[in-house]
Amino acid sequence: MQRIYKTLPILTLAFGMMACTKGFEDMNVNPNESENINPQFLLSTTLIATAYDYQKDAYYDKPASAGRYITLVRNEGNDKFDWGPQNWDGFYSKLSTNKNMMDLATASGEKQYIALGKILKAFNFAYTSDLYGDIPYSEALMSKESNIVHPKYDEQKNLYPDLLKELREANDLLGGELSAIDKKSDAMYGGVALKWRKFANSLRLRLLLRMSKGYPQAFTEMQEIVGNKTKYPIFESNADNAEIKYLGDIGANSWPGGPKANAFTEFDKRKPSKEIVDALRLRNDPRLQVWIAPVDQPVGGLVDPNLYVGVPNAVPAPYDYNGGTPHISRLTALFNSNSDPMLSASMMTYAEVCFILAEALQAGKITVAGETAESLYLKGIGANMKYYGVDQKAINDHYYDQASVKYNGTLKQLIEQKWIAMFLKGAEGWFDYRRTGFPQFVPGPLAPGGIPKRYIYPDAERAYNEAAYQKALTVFGEDKQTTLMWYLK
């Protein structure tokens, strides 16, 4: 639990210097360095860490296996769902940096960074809660000012509405008269406040749909957003996507599968899953060739004679599936790049927003001016096709005319298409499966417990925050991967 309260060393040094004597301060002032820490410097740190870590999870870690995008053919623990307790230090470290930014912005009166901090706070706390359920929230990060070193766990049903409030306040702040956001510190939107407002309101839509089962006013609030896009702007095209490009010049700013970040052996042990390959192949989907490489030897496969062959999750000896490496597909070289226009650290996309609204509209819960569930469903597919440069090919090949693609008004079809569009973009494939049961994944033979519903709390909680941890379980339930969090019940 210790890192939940970690303060950046540079801030510790700065605040510590305040206690020094005046004479000592005068002797130790460097005229070439700023005496103040500006919040925009911490914005850059928080923003890039948030996007990069979220994307790394989506490609490299458990959400990739739980979302049935990746099958590991070595070190297969993720696929077998034998996950055990999961450390959350990284999540709270980002939140700590973000809080420091907001505190500095409050002290200096720079409300633009308070607004951006609220958005990043909501994104990171929501993701942490999505993974674990009930988590420390209201008392987290309070060790310095309130000496709270054993924070209580907040129930998800109370945490989520508060995050909605933070996002609403961020939108309202950014819609007012504020100083400019430093362009160089904003690696995502280059200081454009309207883009951040779109992200805040689009993220609200994601959270509202996710919590709609247990939050009676969810669709009322969604309707308020889509009914007044001047007050609550949302994503309107791929240009609004909340994502950061990789520079690719060093490992730290490269795509997590790229050679500067990882050896080829790391890339090669991550094969596309059978579910995603079959879904693309059976629909004659032009994204197949962008994402999936053909097998090296199309003749001689033991169980699958196709040119594109994915590996099932949680099967014995996955490296030997279909006769071994020559007869199973890799991901394309795109995903072994350091950077590419089609590779970004993605937090949310326009395609996702289209599918969110299509689902709510299809269920009869909201109306969207000038749109139907079908039009939004098609826009969601089209936006993702365009992102990968195959939108015209999809039209030329009559992709949308196929019976499996032509809109039929079912949740199954809508979520399956959303799942395809969310390929390696966040944990949404896994989270939608938990929420809807679609796509209808079949657990592999070595994962009899099925796909997990959550992460198990960190071991450190039992050592450093035992009382709060035990009290939380009396409300939340057993600390198991199968326990349902509030919005899934």
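Checking D296 against (1) under 27 Å from S404 (Cβ atoms); (2) of a type in the set (D, E); (3) free of Cβ contacts under 8 Å to residues at least 40 places away in the same chain, which single condition isn't satisfied?
Looking at each condition in turn, D296 falls short on (1).
Can you pull out the residues in the stretch 286-303 that are of a type in the set (A, V, I, L, M) and farther than 17 Å from L334 by Cα?
Here is the first cut: in the stretch 286-303, the ones of a type in the set (A, V, I, L, M) are 288, 290, 292-293, 295, 299, 302-303.
If the condition is that a residue be of a type in the set (A, V, I, L, M) and farther than 17 Å from L334 by Cα, then V299, L302, V303 are the ones that fit.
Of all residues in the stretch 397-413, which are farther than 14 Å from R283 by Cα and out of contact with any Ser or Thr (no Cβ under 9 Å at 6 or more places or on another chain)?
From the stretch 397-413, those farther than 14 Å from R283 by Cα are 408-412; that's our starting set.
The answer is N408, G409, T410.
Working only within the stretch 463-480, note down all residues that are crowded, with 19+ Cβ neighbours inside 10 Å and either farther than 16 Å from W88 by Cα or within 26 Å of the chain's Cα centre (by Cα) (or both).
Taking the stretch 463-480 and keeping what is crowded, with 19+ Cβ neighbours inside 10 Å, we get 465, 469, 472, 476, 479.
Selection gives Y469, A472, F476, D479.
Within the stretch 302-333, restricting attention to residues that are surrounded by fewer than 18 Cβ atoms within 10 Å (Cβ to Cβ) and aliphatic (A, V, I, L, M), which residue is farthest from K198 (Cα to Cα)? Steps first, answer last, please.
So the first thing to find is which residues in the stretch 302-333 are surrounded by fewer than 18 Cβ atoms within 10 Å (Cβ to Cβ), and the list is 302-303, 305-307, 316-317, 319-320, 323-326, 332-333.
From the residues that got through so far, the ones that are aliphatic (A, V, I, L, M) too are 302-303, 307, 317, 333.
Values: L302: 50, V303: 47, L307: 41, A317: 46, A333: 33 Å.
So the residue we want is L302.
Restricting to the stretch 232-268, give me the number of residues that are under 24 Å from P439 (Cβ atoms) and at pLDDT below 95.
1
Is it the case, given these coordinates, that Q413 is within 22 Å of A279 (Cβ to Cβ), over 22 Å from the mean Cα position of the chain (by Cα) and in a helix (DSSP H, G or I)?
Numbers: within 22 Å of A279 (Cβ to Cβ): yes; over 22 Å from the mean Cα position of the chain (by Cα): yes; in a helix (DSSP H, G or I): yes.
So Q413 passes the test.
Yes or no, residue by residue, for (1) part of a helix (DSSP H, G or I); (2) over 22 Å from E155 (Cβ atoms); (3) acidic (D, E):
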{"site": "L446", "(1), (2), (3)": "no, yes, no"}
{"site": "I451", "(1), (2), (3)": "no, yes, no"}
{"site": "D479", "(1), (2), (3)": "no, no, yes"}
{"site": "Y487", "(1), (2), (3)": "yes, no, no"}
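I'm trying to understand the selection: among the residues of the stretch 417-438, which are out of contact with any Leu (no Cβ under 7 Å at 6 or more places or on another chain), within 23 Å of T482 (Cα to Cα) and surrounded by 17 or more Cβ atoms within 10 Å (Cβ to Cβ)?
W419, G426, A427, E428, G429, W430, F431, D432, Y433
Looking for something farther than 30 Å from A317 by Cα, crowded, with 17+ Cβ neighbours inside 10 Å and aliphatic (A, V, I, L, M) - is there at least one such residue anywhere in the stretch 442-462?
yes
Please state which one of A126, A51, A66 is touching a strand residue (DSSP E or B) at 6+ places or on another chain (Cβ under 8 Å) and either in contact (Cβ under 8 Å) with a residue 40 or more places away in the chain or over 30 Å from I292 (Cβ atoms) (or both). Break it down stepwise before answering.
Values: A126 fails: touching a strand residue (DSSP E or B) at 6+ places or on another chain (Cβ under 8 Å); A66 fails: touching a strand residue (DSSP E or B) at 6+ places or on another chain (Cβ under 8 Å).
When all the criteria are applied, what remains is A51.
Given the condition more than 30 Å from N228 (Cβ to Cβ), surrounded by 19 or more Cβ atoms within 10 Å (Cβ to Cβ), in contact with a Pro (Cβ under 8 Å, 6 or more places away or on another chain) and at pLDDT 95 or above, answer yes or no: does some residue in the stretch 400-408 qualify? Don't jump to the end; show me each part of the working.
Keep residues of the stretch 400-408 that are more than 30 Å from N228 (Cβ to Cβ), which gives 400-406, 408.
If we keep only those that are surrounded by 19 or more Cβ atoms within 10 Å (Cβ to Cβ) as well, we get 405.
Subset that is in contact with a Pro (Cβ under 8 Å, 6 or more places away or on another chain): none.
The answer is no; no qualifying residue exists.
Which of the residues belonging to the stretch 128-152 are of a type in the set (G, A, S) and within 25 Å of L488 (Cβ to Cβ)? Give the steps one after another, and end with the answer.
First pass over the stretch 128-152, keeping only residues of a type in the set (G, A, S): 129, 133, 138, 140, 143, 146.
Those that are of a type in the set (G, A, S) and within 25 Å of L488 (Cβ to Cβ): S129, G133, S138, A140.
What about T128, is it at pLDDT 95 or above and farther than 17 Å from P151 by Cβ?
Details: at pLDDT 95 or above: yes; farther than 17 Å from P151 by Cβ: no.
Taking the combined requirement at face value, the residue does not satisfy it.
Within the stretch 185-209, which residues are part of a loop (DSSP other than H, G, I, E, B) and touching a residue at least 60 places away in the same chain (Cβ under 8 Å)? Steps first, please.
Quick first cut of the stretch 185-209, residues part of a loop (DSSP other than H, G, I, E, B) only: 185-192.
Scanning the stretch 185-209 gives S185, D186, A187, M188.
Do you know which of the residues in the stretch 174-184 that are in contact (Cβ under 8 Å) with a residue 60 or more places away in the chain and crowded, with 16+ Cβ neighbours inside 10 Å is farthest from Q40 (Cα to Cα)?
Selected residue: L174.
Does the stretch 210-218 include one or more residues that are under 24 Å from S375 (Cα atoms) and assigned to a helix (DSSP H, G or I)?
Within the stretch 210-218, the first condition is being under 24 Å from S375 (Cα atoms), and the residues that meet it are 210, 212, 218.
Next, from what is left, pick out any that are assigned to a helix (DSSP H, G or I): 210, 218.
Yes: one or more hits.
The values are calculated or read from the model by the stated rules, or taken from the named source; none is laboratory data. Since the model is a prediction, treat every value here as computed from it, not as a measurement. Counting neighbours? That spans all protein chains shown, and the Cβs are built from the backbone with ideal geometry, glycine included.
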